[in-house]
1. I need the full set of residues from the stretch 232-278 which are farther than 30 Å from Val345 by Cα, of a type outside the set (S, T, N, Q) and modelled with pLDDT of 95 or more, in order please.
2. Report the residue count in the stretch 204-236 for those that are outside any loop (DSSP other than H, G, I, E, B) and of a type in the set (Gly, Ala, Ser).
3. Among the residues of the stretch 297-312 satisfying the criterion of being of a type outside the set (Phe, Trp, Tyr) and in a helix (DSSP H, G or I), which is surrounded by the most Cβ atoms within 10 Å (Cβ to Cβ)?
4. Restricting attention to the stretch 25-75, which residues are in contact with a helix residue (DSSP H, G or I) (Cβ under 6 Å, 6 or more places away or on another chain) and assigned to a loop (DSSP other than H, G, I, E, B)?
5. In the stretch 245-296, what residues are over 19 Å from Ser209 (Cβ atoms), touching a residue at least 60 places away in the same chain (Cβ under 8 Å) and in a loop (DSSP other than H, G, I, E, B)?
6. Picking from Asp137, Asp121, Asp117, which residue would you name as being surrounded by 21 or more Cβ atoms within 10 Å (Cβ to Cβ) and either assigned to a loop (DSSP other than H, G, I, E, B) or in contact with a helix residue (DSSP H, G or I) (Cβ under 6 Å, 6 or more places away or on another chain) (or both)?
7. So, in the stretch 322-337, exactly how many residues are assigned to a loop (DSSP other than H, G, I, E, B) and touching an Asp or Glu at 6+ places or on another chain (Cβ under 8 Å)?
Amino acid sequence: MANINLKDAKRAKNDEFYTMYPDIEKEIAAYVEYNSDVFKDKTILLPCDDPEWSNFTKFFAQNFERLGLKKLISTSYAVDSKTYKYGYQVTMFEEGAPQYDKSKTKTNGKIFTLTHDKFGDGKINIEDLEWSYLEGDGDFKSDEVTKLRDEADIIITNPPFSLFREFLIWIIESGNQFVIIGNKSCITYKEVFPLFKENKMWSGRTEWSGGMWFETKNLDDVDKIINGINMKNVPAIWLTNIDHGRRHKPLPLMTMADNLKFSKHKEINGKKSYDNYDNYNAIEVPFTDAIPCDYYGVIGVPISFLEKYNPDQFEIIGSDYNIKEGQLPELVNPEWIGKIDRGYVGGERLYTRILIKHNKATK
């Protein structure tokens, strides 16, 4: 049976979005470009998927040979674990299959696997996918899907955002490599930020600005119709622990003096100096491209910095959440009287800040 959190996700509005094929293609290409053998002889699991509709399954099945995969596994939730406001109709793909079981079509999840050339035509692609019903409803936390997780080398998917915390914990427990999509706000979760700080997870290749466009089945919440497809823009980002070249690209920076004189940001340009926090022993830098290259103290930056974070160039000290929890007492201004849940400048409480330093090797 689906757990309580899956039932909560069932009630959540706009919880499920379908990733576009070109977005998957662009993201995966970055890992292959950095390491051409990154997927070679690997078993990839696509959980929380919907193989009959999903572009994840289509992409990896179509590129099975090019990537050198050993096995592709894709699982879906049962129909009864989702909300179909406009009704559910079994697909011709399922209904026309010899293993179709009317008693299972709504209560059981499905598993799709790809390992070999089923038809003997000399190629392995989406036509060679084989499927069956799962014993359960496809909940990723079930013993059935967890066993598949432990078989896999890499987990790739766009999980329901309402289940993101649990899903990430489930992945981290496995020790597997992964490429997943999450809402940008997840960066502030206590389960997520430490992984960035400890260099166990980082931003994918795709830029954060502008969000991502997804196909949506919710006809009441459509932002745009593109080529007849109902689309929704979501502030979503790719997260991974697989290396890619963009992660090691140095961020070009000016000196503090040049920023104060030439910065395109009015909050910096023309000032005599950068602002110091009222309550932290650090300077406030509200824009990533305004980080001075010649300041080696602690710097507070917005969470969007993590998109450009290069571990060869910077060290993450913590966040204002860590200060609130008493983990960085040395950064608290002893003369400050008041809250330390966020950085303050001129008495004004700012948004969440990440605290960084230039890497010693870059000095």
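1. Of the stretch 232-278, the ones farther than 30 Å from Val345 by Cα are 232-234, 238-249.
When the remaining residues are screened for being of a type outside the set (S, T, N, Q), the result is 232, 234, 238-239, 242-249.
Trp238, Leu239, Ile242, Asp243, His244, listed by residue number.
2. Applying the first criterion (outside any loop (DSSP other than H, G, I, E, B)) to the stretch 204-236 yields 212-215, 224-226, 229-234, 236.
If we keep only those that are of a type in the set (Gly, Ala, Ser) too, we end up with 236.
Of the residues in that region, 1 qualify.
3. Taking the stretch 297-312 as the starting set, the residues that turn out to be of a type outside the set (Phe, Trp, Tyr) are 297-304, 306-308, 310-312.
Next, from what is left, pick out any that are in a helix (DSSP H, G or I): 306-308.
Numbers: Leu306: 23, Glu307: 18, Lys308: 20.
Per the stated criteria, the residue is Leu306.
4. Hits for the stretch 25-75 are Val38, Phe39, Pro51, Glu52.
5. Once the filter is applied, which keeps residues that are over 19 Å from Ser209 (Cβ atoms), touching a residue at least 60 places away in the same chain (Cβ under 8 Å) and in a loop (DSSP other than H, G, I, E, B), the stretch 245-296 yields Pro250, Asp275, Tyr277, Asp278, Asn279, Ala282, Cys293, Tyr295, Tyr296.
6. On the way: Asp121 fails: surrounded by 21 or more Cβ atoms within 10 Å (Cβ to Cβ); Asp117 fails: surrounded by 21 or more Cβ atoms within 10 Å (Cβ to Cβ).
After ruling out the rest, the residue left standing is Asp137.
7. 2
The values are calculated or read from the model by the stated rules, or taken from the named source; none is laboratory data. Quantities reported herein were computed from a predicted structural model and do not represent experimental measurements. Don't worry about glycine lacking a Cβ; one is built from the backbone with ideal geometry, like all the others, and counts go over all protein chains shown.
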